[in-house]
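The values are calculated or read from the model by the stated rules, or taken from the named source; none is laboratory data. Quick caveat, the model's predicted, so the values are computed rather than measured. Here the Cβ is made from the backbone with ideal geometry for all residues, glycine too, and neighbour counts use every protein chain on show.
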Amino acid sequence: MKTISVESLSIISFSNIPVVTTELLASLYGTEPDYIRKNFNRNSGRFVIGKHYFLLENEELREFKHSMSLRPSVKIARNVRSLILWTERGAARHAKMLETDRAWEVFEKLEDCYFSQKIPEQLQLPESTLSINYPLSWFSDN
């Protein structure tokens, strides 16, 4: 089995934020993906979507899987119906729950070598492309 190291990881990003899959996090921390899932389910109140993790489903998941299909280093099962992507803060919570030296050492490397990397600007949308749809009634004199 090939050993995965933090230093050799290519960044997986979602909404221009570096993230890791449950399987990758488990592999790096030296545990099983089911253990990460159980810890999450037992402590779900301590995790905030968009802050600690992203939950991808439906079209968002299909688009993400398609973008990852071009990268052989990222494996996502074809039949998966939802996917959790962990942010830096979510990965930190899991290191804390696992309470192993390896998890803390790996998380420190993730902080230094993975989560601190900037997503190349050409992959980011400029802020001016954001659109906000206001009701037309807000702009009338009535």
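Which of the residues that make up segment 48-98 are basic (Lys, Arg) and either surrounded by 16 or more Cβ atoms within 10 Å (Cβ to Cβ) or under 12 Å from the mean Cα position of the chain (by Cα) (or both)?
Lys51, Lys65, Arg89, Arg93
One line per residue, one yes/no per condition, for (1) modelled with pLDDT of 90 or more; (2) of a type in the set (Phe, Trp, Tyr); (3) touching a Ser or Thr at 6+ places or on another chain (Cβ under 9 Å):
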site: His66; (1), (2), (3): no, no, no
site: Leu70; (1), (2), (3): no, no, no
site: Ala77; (1), (2), (3): no, no, no
site: Ser82; (1), (2), (3): yes, no, no
site: Trp86; (1), (2), (3): yes, yes, yes
site: Lys109; (1), (2), (3): yes, no, yes
site: Asp112; (1), (2), (3): yes, no, no
site: Lys118; (1), (2), (3): no, no, no
site: Pro126; (1), (2), (3): no, no, no
Scanning for something without any contact (Cβ under 8 Å) to a residue 40 or more places away in the chain, in contact with a Phe, Trp or Tyr (Cβ under 8 Å, 6 or more places away or on another chain) and among the hydroxyl-bearing types (Ser, Thr, Tyr), does segment 67-84 turn up at least one residue?
-> no
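So which residues in segment 28-46 are within 20 Å of Asp112 (Cβ to Cβ) and crowded, with 19+ Cβ neighbours inside 10 Å? Can you show your working first?
The first filter runs over segment 28-46 and keeps only residues within 20 Å of Asp112 (Cβ to Cβ), leaving 28-30.
Listed by number, the residues that qualify are Leu28, Tyr29.
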If the Cβ limit is 8 Å and pairs must be 6+ apart or interchain, which residue in segment 41-62 that is in contact (Cβ under 8 Å) with a residue 40 or more places away in the chain pairs with which residue that is surrounded by 13 or more Cβ atoms within 10 Å (Cβ to Cβ) and of a type in the set (Phe, Trp, Tyr)?
-> Phe47/Phe40; Phe47/Tyr53; His52/Trp86; Phe54/Phe14; Leu56/Phe14; Leu56/Phe64
